[in-house]
Amino acid sequence: MFAAVSRGLFRLETASPWVLDDVLALVLVGPVWQQLRDRFDPLFPGPVRRESRAAVCTRGRYAEDRLAAGAFTQYVILGAGLDSFAWRRPDLLGSLTVFEVDHPASQAWKLERVRELGLPLSDSQVFVPVDFEAEPAQDALGLAGFDWAQPAMFCWTGVAPYLTAQAIESTLRTIATAAPGSEVVFSYRAENCALDDVGTEFARIYTPIAASVGEPLQPGWPVSEIERLISRCGLKVVDHPAHADLQQRYFAGRTDGLRPYTFETLVAARVT
């Protein structure tokens, strides 16, 4: 919900062009989005709110750009939450099967909202309920019809900052068993020394919030260490944009100075 509210408010509060135009985000959350905004917005200074929302949209756009640029037949969204890709991007859905992987309770709530809103579903959109603590995602995907012999794009953003190094490694090793040419885009928490003032302030405010709801943040990663981990898992880094790179790609020419925060870093890796 928090990520979807961020995507929706980014569209409401920011001048176009939007790095990600998610017209369904607040619709999927429902009226409670206003309560979430009113509860959490006062905790974050304006620049922190703007940059964190920009970052949530940037990571979605980055993953979808990698997807559109590749020759993939399957798109796996790990921790899909209230992602609206299947309704926003019919131009890509035609040639893809989308597997939305999420906790059974979260996914059931989303599907109930989808039914209430009358959003269309198709055979190209497959929902895969997985409790990662109780069963391997690999088994659940296979049962849902995922073909490990066909190239796939895995989107795994906004999740790794909450996971231990062992859990991150386990997931990457699973992805590495996919067909050669498959890719994963994921975001990880940057190490503290890489944060600017806004990123530092976000971490200071958000860390106790995350802990209070049972999702404590894990320590950040130096770039060299995350790349070594990726390599050790059998994947090859193919793009690891710095904060300035993302700003140039997605926010160049804006007159409002908008940019994503430095708290999360994006990386794309390929199965070789």
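The values are calculated or read from the model by the stated rules, or taken from the named source; none is laboratory data. Everything numeric in this text was worked out from a predicted model, so none of it was measured. Neighbour counts run over all protein chains shown; Cβ positions are idealised from the backbone, glycine included. These accessible areas exclude ligands, DNA and RNA; they are computed on the full protein's heavy atoms, side chains included. Shrake-Rupley method; radii C 1.70, N 1.55, O 1.52, S 1.80 Å.
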Could you compute how much accessible surface residue 164 exposes when probed at 1.4 Å, giving the result in Å² to the nearest 10?
60
Could the peptides 216-226, 114-124 be put in order, highest first, of the mean number of other beta-carbon atoms found within 10 Å of their residues?
216-226, 114-124
Label zone at residue 170 (point 7 Å along Cα-to-Cβ), backbone N below 18 Å, the range 120-141
129-141
PRE reach from residue 32 (point 7 Å along Cα→Cβ): which of the range 57-97 fall under 17 Å by backbone N?
80-83
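For every helix of n ≥ 4 consecutive DSSP H residues, a contribution of -39,500 (n - 2.57) applies; sum these over the chain, divide by its total residues, and give [θ] at 222 nm rounded to the nearest 500 deg cm²/dmol. Before the final figure, lay out the partial values.
Values: 12 runs with 125 residues, N = 272.
My calculation for the chain gives -13500 deg cm²/dmol from helical runs alone.
Give me the percent of accessible area attributable to carbon and sulfur for the range 151-219, probe 1.4 angstrom. It would help to have the intermediate numbers written out before the result.
Numbers: 1560 of 2810 Å².
Using a 1.4 Å probe with all protein chains present, the range 151-219 comes out at 56 percent carbon and sulfur.
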Over the chain, with a Gaussian network built from C-alpha contacts below 10 Å, which listed residue (186, 154, 251) shows the highest mean-square fluctuation?
251
Taking the alpha-carbon centroid of each part, what is the distance from the range 138-198 to the range 45-102 in angstrom?
14
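With every protein chain kept in place and ligands, DNA and RNA left out, what is the accessible area per residue of the chain? Probe 1.4 Å, answer in Å². Could the numbers behind the result be given before it?
Working: 12390 Å² over 272 residues.
Ligands and nucleic acids excluded, the result is 46 Å² per residue.
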For the residue pair residue 205 and residue 135, what label-to-label distance in nm results when each label sits 7 Å from Cα along the Cα-to-beta-carbon direction?
4.0
Using label points projected 7 Å from each Cα along Cα→Cβ, tell me how many nm separate residue 237 and residue 272, to one decimal.
1.3
